[in-house]
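The values are calculated or read from the model by the stated rules, or taken from the named source; none is laboratory data. Keep in mind the model is a prediction, meaning the values are calculated, not measured. In this analysis, Cβ positions are derived from the backbone assuming ideal geometry, glycine residues included, and neighbour counts consider all displayed protein chains.
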Amino acid sequence: MMDKAELVSRLRDLSAGEVRADEPLSAHTSFHIGGPADALVLPGREEDIAAVLRFAAETATPLTVLGNGSNVLVWDKGIRGIVLVLGNVLKYHRQEGSRMVFSSGLSLAAASRLAGEAGLTGMEFAVGIPGSIGGALFMNAGAYDGEMKDVVTAARLLDYDGTVRTVGKEELDLGYRHSVLQERHAIVLDITTELKPGNPAAIQAKMNDFSQRRQSK
């Protein structure tokens, strides 16, 4: 692996977002612990993410991908190579009738609230689960009466060679705390969910109930 100074310099030459040398990972995890990353990259666009992935593959540089950093433990010695932080760039959503598209950087709580505000039911189970949409798809997160496989119909993925692909629910192979993403190298860009029209007051009441039950544990 190239030395740290050369790594940081070459990453900055890519113009693929902000590059920080020896960045404390405690600033990027929910537990606020963790030593420095050799080179931390904060991309501004999807194209930046693809550029960093290709660079890491071409130079055989270790790459760690971090979403919102929820429930992630990083040891005090930090992480060697590149740490690619996605939470800030992949935060968007859109509604298409009863379907909602959520970017991978959105928190599950935010996605649940957005669906409820749109009068759509199906995402209430996610309101109290820590973490992001991308992480939730990776492990097919769930709680109470629902899980991601109940609502996800497709996902847009960025392979480590820079190729963007849309895959359907069957290919995602969602099972108990499992998805195909645990066996293949790909970054979740966004997911498409199929929800149902519901009563906004009833949806909010259900989310309040789930939140209170989680907090009381």
Here the residues within region 24-42 that are in contact with a strand residue (DSSP E or B) (Cβ under 7 Å, 6 or more places away or on another chain) and either within 28 Å of R156 (Cβ to Cβ) or of a type in the set (F, W, Y) (or both) are L25, H28, A37, A39, L40, V41, L42
Across (1) closer than 21 Å to E96 by Cβ; (2) in contact (Cβ under 8 Å) with a residue 40 or more places away in the chain; (3) surrounded by 17 or more Cβ atoms within 10 Å (Cβ to Cβ); (4) among the charged types (D, E, K, R), K206 clears everything bar (1)
When every residue in region 187-217 that is in contact with a helix residue (DSSP H, G or I) (Cβ under 7 Å, 6 or more places away or on another chain) and not in a helix (DSSP H, G or I) is compared, the one farthest from R113 (Cα to Cα) is I187
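Quick grid of which residues meet (1) farther than 30 Å from I203 by Cα; (2) touching a helix residue (DSSP H, G or I) at 6+ places or on another chain (Cβ under 9 Å); (3) of a type outside the set (G, A, S):
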position	(1), (2), (3)
V89	no, yes, yes
H93	no, yes, yes
G97	no, no, no
M100	no, yes, yes
A115	no, yes, no
Of all strands (runs of 3 or more DSSP E) fully inside region 7-106, the set with 2 or more residues that are under 16 Å from the mean Cα position of the chain (by Cα) is 36-42, 63-66, 79-85, 99-103
| message | Condition (residue is in contact (Cβ under 8 Å) with a residue 60 or more places away in the chain, assigned by TED's automatic domain parsing to the domain that holds H185 and either out of contact with any strand residue (DSSP E or B) (no Cβ under 8 Å at 6 or more places or on another chain) or charged (D, E, K, R) (or both)) applied to region 79-95: is it met by at least one residue? | response | no
How many residues of region 94-126 are buried (at least 17 other Cβ atoms within 10 Å of the Cβ), over 21 Å from D145 (Cα atoms) and not hydrophobic (A, V, I, L, M, F, W, C)? The answer is 3
Subset of region 157-186, residues touching a helix residue (DSSP H, G or I) at 6+ places or on another chain (Cβ under 6 Å) and either without any contact (Cβ under 8 Å) to a residue 40 or more places away in the chain or part of a helix (DSSP H, G or I) (or both), comes to L172, D173, L174, R177, V180, L181
Scanning region 191-217 for residues that are over 30 Å from E171 (Cα atoms) and of a type in the set (S, T, Y), the one modelled with the highest pLDDT turns out to be S211
_Regarding region 65-76, can at least one residue be identified that is at pLDDT 95 or above and either within 30 Å of G116 (Cα to Cα) or in contact with a Leu (Cβ under 7 Å, 6 or more places away or on another chain) (or both)?_
yes
